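The values are calculated or read from the model by the stated rules, or taken from the named source; none is laboratory data. Keep in mind it's a predicted model, so treat the numbers as computed, not measured. Every residue, glycine as well, gets a Cβ built from its backbone with ideal geometry; the counts of neighbours run over all protein chains shown.
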Amino acid sequence: MNLAEREARFKKTTLYPVITPGFTRGRSVIEILEAILAGGAQIVQLRDKQDPGRYAAEFRRLTGHYGALLIINDSLETALKYEADGVHLGQTDLAIGDARLAAPDLLIGFSANSLEGALTAEEKGATYVALGPIFPTQTKPDAGEALGIESLKEIRSKIQIPLVAIGGINAENINQVINAGIKHIAMITALTETSDIERATRGFLSLLQ
């Protein structure tokens, strides 16, 4: 699949689950992944800070089976080795331009927590920006102060590439994000720590549609 095909598929996605060891309520990440995919998610990010590659092969197999996109957090090497569809980079990871040169056909996401960061990512060639935290979150203690809905609206109006809202989004506040005009919403614990993951996935997808 080339970059244009991946970008076209990405634009059709809405719910963006992020699966990370440690936020599973004791269940395996593979069990979490299978439930999310069975629920209809069309994109999944594997975020494993300790070892980006230890679950990557099984994630690629299952996302391929369900026809979903696979994004690997932080590690371009892992994304290329396991033929993922993209890599998600943080502010201290490989530069966007270097990643694009090394992987011209992969989606490249970038984490930002300000308008300046989002505009820089767009200028450097990112496919999309993950903006957050929108609300307070426990899954990334160093994420900084919550931006809130008004900042989300402002930043969304000033960048042209897709924006993925992330951070503290759950069943109680997701409508605020949707009403801000956001088409792509990332979730971690609202999916991975719920009792019925498949049902929750279907429910959030129906809201986003």
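At-a-glance table
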| item | result |
| --- | --- |
| Restricting segment 45-55 to residues that are of a type outside the set (D, E, K, R) and assigned to a loop (DSSP other than H, G, I, E, B), the residue that is surrounded by the fewest Cβ atoms within 10 Å (Cβ to Cβ) | Gln50 |
| Helices (runs of 4 or more DSSP H) lying entirely in segment 136-209 (those with 2 or more residues that are surrounded by fewer than 16 Cβ atoms within 10 Å (Cβ to Cβ)) | 148-156, 174-179, 197-208 |
| Breaking point among (1) out of contact with any helix residue (DSSP H, G or I) (no Cβ under 6 Å at 6 or more places or on another chain); (2) at pLDDT 95 or above; (3) over 24 Å from Ile108 (Cβ atoms), for Gln138 | (2) |
| The one condition in (1) on the phi < 0 side of the Ramachandran plot; (2) over 16 Å from the mean Cα position of the chain (by Cα) that Ile174 fails to fulfil | (2) |
| One residue from Thr92, Thr78 being at pLDDT below 95 and farther than 19 Å from Glu5 by Cα | Thr92 |
| Every residue from segment 1-44 that is buried (at least 19 other Cβ atoms within 10 Å of the Cβ), out of contact with any Pro (no Cβ under 8 Å at 6 or more places or on another chain) and not in a loop (DSSP other than H, G, I, E, B) | Leu15, Tyr16, Pro17, Val18, Ile19, Ile32, Leu33, Ala35, Leu37 |
